[in-house]
Amino acid sequence: MSMRLFKLINTASVVLCSFVLQPVYGHDGDKAHSHGVRAVKPAEMYQPTPNPDRIILTWAGDPKTTQAVTWRTSTEVTVGFAELAIAGGGPDFAVLSETYQATSTALKTDINTAHFHSVQFKGLKPGTKYAYRVGDKTNWSEWFHFSTEKDSAEPFSFIYFGDAQNDIRSMWSRVIREAHSDAPKAKFIIHAGDLINHAQSDAEWGEWFGAGAWLNAMIPSVPSVGNHEMQKGEDGKSHLSHHWRPQFTLPQEDCPHGLEETCYTLQYQDTLIVSMNSNEMLEQQVEWLDGVLSKNKLRWVVLNFHHPIFSTAKDRDNAKLRRLWKPILDKHRVDLVLQGHDHSYGRTGLETPIATPETIGNVPTGVNQVDMFTGTVYVVSVSGPKMYNLSPSPLMQRVAEDTQLYQIIHIDGDQLHYEARNAIGDLYDGFVLEKQPGKPNRMTEVSPEVPERRRLEKSPKKEASAVPAAVAK
């Protein structure tokens, strides 16, 4: 190649690179949007097709021997199927797969009509890794893995999220993915309600499923209902989102009538997980919860519901809930209560006011003059970007404002390890609970990696920018 030709080619390359890499600016000097590119409408973005999507694992039975999977397709698919096999190190495992026919239901949403399909795998072997896929025998998903719970005792971890709710695709997706990077072997994920903002919005549910993506198909979810999963009907009453039951397969038995798949229990290893519905029928759940906890023989008890017993946000006290439910929590010395709703962070120690006529109305002002020990740790957390003002309480050992968080709980025999991490993985809060025979739990605080985060200014302008005015409480 001649020197002259080399120079011409080199000059052309520089010009081309400059054209490709230079930012485009509008007349006002700001970076301009791409001209001529239309915005993709939600109806198009979340249009169902014959190809399975929104695949999610849940439980409706014993994690040792069962697993449920639910997915969505277009209405062209009238019959859904799942294939299941014991996973192997090579591709030949699929030869031995069994086929299951799904239960299918149609759901008309605000932007489409889709079919949701559900299969419950039963009679599985404990402590076994399985591979599965879903489809219609023409269009299949990829193969996914899940593992059944072991018969023998083993340490395990799970993830807990407060409200995702807003800007899920853009701002919450990073949180669930960061949590997975810290706990890739988590056995399940607890969601403490307000997964989305508008109960009947299919696009928002599409964002939620898209943010979790393949993680939902590999790690079972344990969701609780938040107030934003409730929709006011023509009768003036709030009703469960019509998305909830088609897209989650959860326990329908051994719960108060009318709360199927929103009030349920799960046993994993030596831990009882209780998910409750703090939006409706509060009184009916009192006797049910007392009965569940009275029969419990497992070492650890973790409760999950949306509205906090002790609120962290201003003017959001749930006095009725505390009056009804806290005496049962005190009676049975529940270990850990995981909540959302207040879009800030707060965590108590082992000492909270015993529910008496003097204290059930609210947090007492003379807290030093009442019996404070209950042994229950209460947590309120938020994983999405919507934030509220914090209302400080002497009960809270650690608080946060304007911080997206995820929590990892690890249980190993007589010890429960708790970590709250922010969206970039910094340890924001932590403690260890240890069982002591015949005595209350021992609590050891873990030093955080970052300072407590509070708003420095409390001006109206600052607060208005932190909490979107269009978003209702």
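The values are calculated or read from the model by the stated rules, or taken from the named source; none is laboratory data. Please read these numbers as outputs of a predicted model, since none were measured by experiment. When we count neighbours, we look across all protein chains shown, and the Cβ atoms used for this are built from the backbone with ideal geometry, even at glycine.
List the number of the failed condition for Val119; all other conditions in (1) in contact (Cβ under 8 Å) with a residue 12 or more places away in the chain; (2) of a type in the set (A, V, I, L, M, F, W, C); (3) out of contact with any Leu (no Cβ under 9 Å at 6 or more places or on another chain) hold. All conditions pass for Val119, except number (3). Of the residues screened, Val301 is one that is of a type in the set (Val, Ile, Thr), crowded, with 19+ Cβ neighbours inside 10 Å, within 23 Å of Gln397 (Cβ to Cβ) and free of Cβ contacts under 8 Å to residues at least 60 places away in the same chain.
Note on the range 421-449: residues that are touching a residue at least 24 places away in the same chain (Cβ under 8 Å) and either in a strand (DSSP E or B) or under 19 Å from the mean Cα position of the chain (by Cα) (or both) amount to 14.
Over 23 Å from Phe188 (Cα atoms) and touching a Ser or Thr at 6+ places or on another chain (Cβ under 9 Å) - does that describe any residue in the range 138-147? There is at least one residue in the range 138-147 that is over 23 Å from Phe188 (Cα atoms) and touching a Ser or Thr at 6+ places or on another chain (Cβ under 9 Å). For the range 391-414, give me each residue that is β-branched (Val, Ile, Thr) and within 21 Å of Leu298 (Cα to Cα). Hits for the range 391-414 are Ile408, Ile409, Ile411.
Yes or no, residue by residue, for (1) part of a helix (DSSP H, G or I); (2) under 21 Å from the mean Cα position of the chain (by Cα); (3) free of Cβ contacts under 8 Å to residues at least 60 places away in the same chain:
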| site | (1), (2), (3) |
| --- | --- |
| Tyr132 | no, no, no |
| Phe146 | no, yes, no |
| Asp151 | no, no, no |
| Arg169 | yes, yes, yes |
| Pro184 | no, yes, yes |
| Ile190 | no, yes, no |
| Gly193 | no, yes, no |
| Ile196 | no, yes, yes |
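Under 30 Å from Trp143 (Cα atoms), in contact with a helix residue (DSSP H, G or I) (Cβ under 9 Å, 6 or more places away or on another chain) and surrounded by 17 or more Cβ atoms within 10 Å (Cβ to Cβ): is that true of Phe209 in this structure? Yes, satisfied.
Of everything in the range 415-433, what is surrounded by fewer than 18 Cβ atoms within 10 Å (Cβ to Cβ), closer than 16 Å to Trp300 by Cβ and either among the aromatic types (Phe, Trp, Tyr) or touching an Asp or Glu at 6+ places or on another chain (Cβ under 6 Å) (or both)? Give them in sequence order. Answer for the range 415-433, where residues must be surrounded by fewer than 18 Cβ atoms within 10 Å (Cβ to Cβ), closer than 16 Å to Trp300 by Cβ and either among the aromatic types (Phe, Trp, Tyr) or touching an Asp or Glu at 6+ places or on another chain (Cβ under 6 Å) (or both): just Gln415.
Looking across the range 240-271, the residues that are without any contact (Cβ under 8 Å) to a residue 40 or more places away in the chain and either more than 18 Å from the chain's Cα centre (by Cα) or in a loop (DSSP other than H, G, I, E, B) (or both) come down to Glu253, Asp254, Cys255, Pro256, His257, Gly258, Leu259, Glu260, Glu261, Thr262, Cys263.
Can you find a residue in the range 121-135 that is hydrophobic (A, V, I, L, M, F, W, C), under 20 Å from Pro251 (Cα atoms) and in the same structural domain as Glu83 (by TED's automatic domain parsing)? Yes. For the range 225-261, a residue qualifies if it is surrounded by 17 or more Cβ atoms within 10 Å (Cβ to Cβ) and within 26 Å of Tyr132 (Cα to Cα), and the qualifying residues are His243, Trp244, Arg245, Pro246, Gln247, Phe248, Thr249, Leu250, Pro251, Glu261. When Ala12, Ala68, Ala94 are screened for being assigned to a helix (DSSP H, G or I), of a type outside the set (Asp, Glu) and either modelled with pLDDT of 95 or more or in the same structural domain as Glu142 (by TED's automatic domain parsing) (or both), only Ala94 passes. Within the range 144-189, the set of residues being under 17 Å from Tyr345 (Cα atoms) and in contact with a Leu (Cβ under 6 Å, 6 or more places away or on another chain) comprises Tyr160, Ala164.
The strands (runs of 3 or more DSSP E) found entirely in the range 292-348 include none that carry 3 or more residues being over 22 Å from Asp414 (Cβ atoms) and polar (S, T, N, Q).
Summed over the range 184-214, the residues that are more than 22 Å from Tyr264 (Cβ to Cβ) and of a type in the set (A, V, I, L, M) give a count of 3.
Just one of the listed residues (Tyr418, Tyr388) is touching a strand residue (DSSP E or B) at 6+ places or on another chain (Cβ under 6 Å), assigned to a strand (DSSP E or B) and touching a residue at least 12 places away in the same chain (Cβ under 8 Å), and it is Tyr418. Residues in the range 156-177: is at least one of a type in the set (D, E, K, R), touching a helix residue (DSSP H, G or I) at 6+ places or on another chain (Cβ under 7 Å) and outside the structural domain of Trp59 (by TED's automatic domain parsing)? Yes, there is a match, as at least one residue in the range 156-177 is of a type in the set (D, E, K, R), touching a helix residue (DSSP H, G or I) at 6+ places or on another chain (Cβ under 7 Å) and outside the structural domain of Trp59 (by TED's automatic domain parsing). The residue that is surrounded by the most Cβ atoms within 10 Å (Cβ to Cβ), among those in the range 30-84 that are among the hydroxyl-bearing types (Ser, Thr, Tyr) and more than 27 Å from the chain's Cα centre (by Cα), is Thr75. Residues that are surrounded by 19 or more Cβ atoms within 10 Å (Cβ to Cβ) and among the aliphatic types (A, V, I, L, M) within the range 132-170 comprise Val134, Ile159, Ala164, Ile168, listed in sequence order.
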